[in-house]
Amino acid sequence: MTKKQILTVAELKSLFVARFKADQIKQTKLTARVQQALGNEVQEKRSEAIVIEDKLISLASGILARRLKYNRRSTPLISSRDFIRLAPCMIDEIEKVEGEKLDARSRKILEKSMRSMFRGFSRMMDSFTPPSKDPYEEYWRWIMTVLTLATERGVSPTALFGLEETADEIVRRIYTEKQFITLYKRMMNKSLNVEVLKEIIVGPIIDAVSEGNQKERRIFKEQIVAELMPKLREIVKKSRVVQKIWLNEEVDRIYKMK
């Protein structure tokens, strides 16, 4: 019996939760750098935001674990539809954290906003797998690499993500330096795409203004876009500079200083 067959859905899920939480810590540090570059005060995450992010990680990890365990090759490993279906669960979580129920209109607006956000997030998730590779195979390759390293080190697989050195070793075993740089740049190009960001940000604003005829909505959208786009382009420009520096630091630490 192979390790693939032995692993339970719960064990697979715990691996993804550990990975995404480690990525989340890195992303928080990178976001702080971007905010500094933009001249903004770095704000600590609110406890409510952390609870909601953890819920999203848990739900997404569960989807990945079930699909991999049951090898549903006819279904995309994870897609925007999955995230959109998560929206009601996430709103329930927000209500729980905030301690109050949203009215029907507020809930509808928030759900539309989340759908736009999730569509953008799913595009970024696509960039984690090289374009020519089967996502199922790539994720299983990652899992088997983690299990092998955990056995070598005599620790639990999830413990590997608590140390930068072992997390970096996983990356080295999965990707060459060139592959890592290519994937990171692909992800950066998707996450820092002005048109995609416009859709994520402007879409929910327009949806929130449900009143008015089509002409009024079109005029409002044009006004929002005209005001927003110069600021958005400036943010993307400065963010790219920070991310390129970050990438160089990551490459140096993972591949040059081993």
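Worth a mention:
- Paramagnetic label zone (point 7 Å from Cα along Cα-to-C-beta, residue 241; backbone N under 13 Å) in the stretch 9-35: 34-35
- Rough spin-label spacing in nm, given labels placed 7 Å along Cα→Cβ, for residue 21 and residue 234: 3.9
- Only helices enter this figure: runs of n ≥ 4 DSSP H residues, each worth -39500 (n - 2.57), summed and divided by the residues of the chain, yield -26000 deg cm²/dmol at 222 nm to the nearest 500.
- Signed unit charges on C-beta, dipole axis of the chain, positive-most listed residue 182, 61, 84: 182
- Expressed as a fraction of 2.2 N^0.38 Å, the C-alpha radius of gyration for the stretch 1-94 is 1.32.
- With all pairs of different C-alpha atoms in the average, the Kirkwood value for the hydrodynamic radius of the stretch 128-257 is 18.1 Å.
- The chain: Rg to Rh, with Rh as the Kirkwood radius over Cα pairs: 0.98
- Cross-linked pairs 26/112; 55/231; 29/133; 29/112; 198/237: Cα-Cα separations exceed 20 Å for 26/112; 55/231; 29/133; 29/112.
Where a number appears in this text, it was derived from the coordinates with a stated rule and is not lab data. Owing to the predicted nature of the structure, the values given are computational and were not obtained by experimental measurement. All Cβ positions, even for glycine, are placed from backbone atoms using ideal geometry, and neighbour counts span all protein chains on display.
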